[in-house]
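Trainee: Just dropping this structure here.
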Amino acid sequence: MKRLLLAVAAGLTVVAMAGAVGLPDLAGAQDAAPAEDTLTVSGVGIVKAVPDEAQMSFGVETRRPTAQAAVAANADAMRKVINALRQAGAREIATQWVSVYPFTQEGVTIEGYSASNSVSAVSDVDDAPGLIDAAAEAGANQVSGPGLSSSNAEALYRQALAKAVADARLRAEALAKAAGRSLGEITAIVEGGAQPVPVYRAAAMDSAASTPIVPGQQETTATISVTFSLR
């Protein structure tokens, strides 16, 4: 019995020693791979351009004693407006809404019905005054807009992104130099979105136009966050 107990104890000692030899040096492994120094900065890019497209809405409201008469008269009037818009150079003409509702006298007695129809249209900025005049002459009594935009908005935004990256690099170089370091490779870029913002600097237009439209300038802005490695 004594011999058996001694053998078991010796076996446990061997196992314990083997376990101690096989354990990895976790502390040494962590020290062997130090975290890389990085620098994160923001960058802003701005591109200015004069918008070349105008989006507008044109509507007709018609009142008649009955709903059927109001709808029929409104449809005839709207066809004339749409035809006039096409002849004036409008594109992307699309119906926005059609509505019919009663109108009353002092909120009690129904006097008749009002039918409304509105369409949106797009044109070059230079053609916008002609569209407004043509629609009004054809019978449009509701006009709104214009909303101004650039037909090459995506290209402008890409230019702004390129400027934002260059701006971020200049900021990072200044910070790295102040810290006695130099920039390495870009390790991450995060893009932030932006919308065109109007800058009201008037552009010259034909003063003879009966409905003047002054597009001014728009700023397309891009914002990014860039992370550089440091040397």
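Trainee: Among the residues of segment 120-140, count how many are part of a strand (DSSP E or B) and touching a helix residue (DSSP H, G or I) at 6+ places or on another chain (Cβ under 6 Å).
Mentor: 2
Trainee: Something else now. For segment 163-188, name all the residues that are part of a helix (DSSP H, G or I) and either surrounded by 13 or more Cβ atoms within 10 Å (Cβ to Cβ) or at positive phi (or both).
Mentor: Listed by number, the residues that qualify are Lys163, Ala164, Val165, Asp167, Ala168, Arg169, Arg171, Ala172, Glu173, Leu175, Ala176.
Trainee: Looking only at residues in segment 44-82 that are open to solvent by less than 10 Å² (accessible area, probe 1.4 Å) and among the small types (Gly, Ala, Ser), which one is nearest to the chain's Cα centre (by Cα)?
Mentor: Going through the qualifying residues, I end up with Gly45.
Trainee: Turning to a different aspect of this structure: Part of a loop (DSSP other than H, G, I, E, B) and closer than 30 Å to Gly192 by Cα - does that describe any residue in segment 53-64?
Mentor: For segment 53-64, residues part of a loop (DSSP other than H, G, I, E, B) and closer than 30 Å to Gly192 by Cα: absent.
Trainee: Restricting the search to segment 76-94, which residues are in a strand (DSSP E or B) and on the phi < 0 side of the Ramachandran plot?
Mentor: Scanning segment 76-94 gives Arg91, Ile93, Ala94.
The values are calculated or read from the model by the stated rules, or taken from the named source; none is laboratory data. Source: prediction; values computed, not measured. Every residue, glycine as well, gets a Cβ built from its backbone with ideal geometry; the counts of neighbours run over all protein chains shown. Accessible surface areas use protein heavy atoms only, side chains included; no ligands, DNA or RNA. Shrake-Rupley method; radii C 1.70, N 1.55, O 1.52, S 1.80 Å.
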